[in-house]
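For reference, the structure is listed below as structure tokens.
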Amino acid sequence: MAMSVAAALALLLLGAFAWLLAISPGQPRPVVDAAGRMIPGSLSERVFVEIGGIRQGMIIQSADPSNPVLLFLHGGPGMVEFFMEEDYPTGLAQHFTMVWWEQRGAGMSFASDIPPETMTMAQMIADTIEVADYLRDRFGQERILLMGHSWGSYLGIQVAAAAPDRFLAYVGMAQIAHQLRSEVMARDPCLRFTARGATGAWCDGSRPRR
């Protein structure tokens with residue numbers, strides 16, 4: 001009886017592993033054309049590089065790896081964003097060599113033994129410059145493009161100021177200019193909205209999806 005239970009459990013675990021491998025093979029989907037065919041010579045890979053003394057990961061996708069490199073800095077800190085590309089494709093990989101780097105401590109770049117004292121703004125800036133240098137060397141481009149979203153936009157302007165020789169241009173999405181002032185300005189409208197008894201809604205008046 002015990003052997004039967006063990007065999008059934010082993011089969012169940014094997015089936016679960018096979019299912020997980022089928023839905024998440026460990027590599028991003030290939031870059032395809034309008035007909036859904038993989039583009040010859042295109043690039044779609046998960047890469048790990050030692051950055052700032054630790055192993056850090058990124059997804060690189062491009063219809064043509066000779067296209068300009070675009071390094072994307074996600075928000076958070078810690079909110080990796082490549083997963084949204086699956087449901088809401090940007091199409092950026094058709095025009096750029098798109099790099100979705102996952103920053104120190106986030107996503108593929110998480111490790112439980114990262115020294116807490118390295119989680120600083122100065123280290124994040126240094127990491128980003130090191131990633132940019134890796135990409136410049138790998139793709140043979142003297143300067144690349146830099147894009148930051150939310151927290152990544154704050155990091156991005158610091159990086160662009162610290163190493164302008166590495167970048168052709170910087171693009172900010174939901175650009176942070178003065179975070180403390182932003183929080184102070186948002187406080188009173190949020191309190192007024194809450195005081196009206198509008199439960200189950202965000203402070204901007206929208207309602208969360210159920």
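The values are calculated or read from the model by the stated rules, or taken from the named source; none is laboratory data. For clarity, every value in this text was computed on a predicted model and none was experimentally measured. Cβ sites come from the backbone with ideal geometry, for glycine too, and all protein chains shown count toward neighbours.
Checking the condition closer than 21 Å to ARG29 by Cβ and in the same structural domain as ARG29 (by TED's automatic domain parsing), which residue from GLY107, GLY152, GLY78 passes?
Numbers: GLY152 fails: closer than 21 Å to ARG29 by Cβ; GLY78 fails: closer than 21 Å to ARG29 by Cβ.
Exactly one of GLY107, GLY152, GLY78 is closer than 21 Å to ARG29 by Cβ and in the same structural domain as ARG29 (by TED's automatic domain parsing), namely GLY107.
Pick out the one residue from GLU102, GLU117, GLU85 that is assigned by TED's automatic domain parsing to the domain that holds GLY148, of a type in the set (Asp, Glu) and touching a residue at least 40 places away in the same chain (Cβ under 8 Å).
GLU102
Name the single residue, out of those in region 144-154 being closer than 16 Å to ALA169 by Cβ and part of a helix (DSSP H, G or I), that is nearest to the chain's Cα centre (by Cα).
The extreme case among them is GLY152.
Taking region 25-58, which residues are without any contact (Cβ under 8 Å) to a residue 60 or more places away in the chain, touching a Lys or Arg at 6+ places or on another chain (Cβ under 8 Å) and surrounded by fewer than 15 Cβ atoms within 10 Å (Cβ to Cβ)? Break it down into steps so the answer makes sense when it comes.
At the first step, the residues of region 25-58 found to be without any contact (Cβ under 8 Å) to a residue 60 or more places away in the chain are 25-30, 32-45, 47, 50, 55, 57.
Remaining after also requiring touching a Lys or Arg at 6+ places or on another chain (Cβ under 8 Å): 26-28, 44, 57.
Matches in region 25-58: GLY26, GLN27.
Just one of (1) modelled with pLDDT of 95 or more; (2) small (Gly, Ala, Ser); (3) in contact with a strand residue (DSSP E or B) (Cβ under 8 Å, 6 or more places away or on another chain) trips up ALA63, so point out which.
Here ALA63 meets the rest and fails (3).
Filtering region 140-160 down to residues that are small (Gly, Ala, Ser) and touching a helix residue (DSSP H, G or I) at 6+ places or on another chain (Cβ under 9 Å), which residue is surrounded by the fewest Cβ atoms within 10 Å (Cβ to Cβ)?
Within region 140-160, the match that is surrounded by the fewest Cβ atoms within 10 Å (Cβ to Cβ) is ALA160.
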